[in-house]
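The values are calculated or read from the model by the stated rules, or taken from the named source; none is laboratory data. As the structure is a computational prediction, the values presented were derived from the model and not from experiment. Here the Cβ positions follow ideal geometry from the backbone for every residue, glycine too, while neighbour counts run over all protein chains shown.
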Amino acid sequence: MSLIENAYDSFAESLSDVERAKGDHSRWKFAVLNLVHAVELVLKQKLSDEHPLLIWQDVDRPGRNTVSLERSIDRLIAAGISLEDEDTRAIRLAVKWRNNITHYEVDLIAPEVRENYLLIFEFLDKFHEEHFEGSLSEHIPETHVQTAMDLVESFKREFITFRGRPMHRRWARKLVAAQRVHSLYLDGVEYPRLRWGREHVWEQDWMDGKIPSRYCRDCGAELDEYHGPGCVLEECPRQGGQLFGCECDWDASELWALDADEWETEGEPSADGE
């Protein structure tokens with residue numbers, strides 16, 4: 001079975017998990033894992049089409065480890081495959097969610113998982129249409145075609161362009177609400193949050209003078225804004241390193257509440273992010 005055929009199987013299994021998630025929200029994690037696997041295989045198939053050696057981590061030692069999902073971005077660009085910023089963000093989002101599910105003990109909030117699933121699904125659907133024959137729906141069992149069509153319509157209906165990138169309406173509001181949370185507390189001790197661009201990591205020698213982009217590539221925070229809830233680039237204000245998954249036993253905070261299913265908002269941002 002070829003890489004692309006395996007990808008279609010993983011995609012079909014992911015759609016099956018989406019259908020089962022309607023009655024069992026725990027199925028969303030399997031839906032994401034199978035979808036990310038489909039993305040990885042599709043990208044590797046494209047690399048293999050350009051040159052069979054490109055799918056290997058070490059092109060001088062083929063047959064051992066295949067290239068990682070994130071590394072595939074550089075390989076695709078080097079092979080002359082055009083990737084837009086939103087494409088690379090989608091691939092990194094896929095990596096993030098696979099790592100979150102595989103390596104961390106996280107409480108998966110069904111609406112949040114679904115929103116990110118839609119973003120990754122949209123990338124896979126678009127990339128396949130641009131680089132392979134036919135649509136994805138032509139390569140899955142008939143029983144799952146309606147689910148795939150529903151996902152396409154959901155993306156069109158639920159996502160807006162926010163700061164030049166597709167973002168779910170709920171996430172855009174959460175990012176705005178996160179600006180109200182200036183500090184985190186542990187046993188009553190205050191630790192001011194670090195805004196995007198002010199993280200200590202930028203001062204490290206190994207960063208080699210790199211500067212932050214205008215917007216955080218994970219959560220969309222603008223320079224000097226606070227990160228959104230769960231952003232993998234937010235720095236722990238107590239110990240440094242990644243806040244997401246850090247071992248600090250933080251006190252209750254509105255920042256964590258923003259990941260809950262219900263929270264109060266003060267209006268919705270416009271499509272241009274203002």
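The figures follow:
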| item | result |
| --- | --- |
| Only one of Arg75, Arg64 that is buried (at least 20 other Cβ atoms within 10 Å of the Cβ) and charged (D, E, K, R) | Arg75 |
| For Gly134: the one exception among (1) at pLDDT 90 or above; (2) more than 30 Å from Glu247 (Cβ to Cβ) | (1) |
| Hits in segment 14-45 (condition: over 22 Å from His103 (Cα atoms), charged (D, E, K, R) and in contact with a helix residue (DSSP H, G or I) (Cβ under 9 Å, 6 or more places away or on another chain)) | Glu19, Arg20, Lys44 |
| Ile91 vs. criteria assigned by TED's automatic domain parsing to the domain that holds Asp49, assigned to a loop (DSSP other than H, G, I, E, B) and surrounded by 18 or more Cβ atoms within 10 Å (Cβ to Cβ) | no |
| Which listed residue, of Gly209, Gly220, Gly273, Gly228, is over 30 Å from Glu158 (Cα atoms) and modelled with pLDDT under 95 | Gly209 |
| Residue list for segment 145-175, filter: under 19 Å from the mean Cα position of the chain (by Cα) and among the β-branched types (Val, Ile, Thr) | Val152, Ile160, Thr161 |
| Single match in Ser68, Ser26, Ser14, Ser48 (criterion: in contact with a His (Cβ under 9 Å, 6 or more places away or on another chain) and in the same structural domain as Ile140 (by TED's automatic domain parsing)) | Ser14 |
| Hey, Glu86 among the charged types (D, E, K, R), over 19 Å from Arg217 (Cα atoms) and surrounded by 15 or more Cβ atoms within 10 Å (Cβ to Cβ) or not | no |
| Among the candidates Ser82, Ser48, residue that is part of a loop (DSSP other than H, G, I, E, B) and touching a helix residue (DSSP H, G or I) at 6+ places or on another chain (Cβ under 9 Å) | Ser82 |
| Subset tally (residues that are among the hydrophobic types (A, V, I, L, M, F, W, C) and touching a residue at least 40 places away in the same chain (Cβ under 8 Å)) for segment 208-243 | 3 |
| Flag for His139 being surrounded by 19 or more Cβ atoms within 10 Å (Cβ to Cβ) and under 23 Å from Glu5 (Cβ atoms) | no |
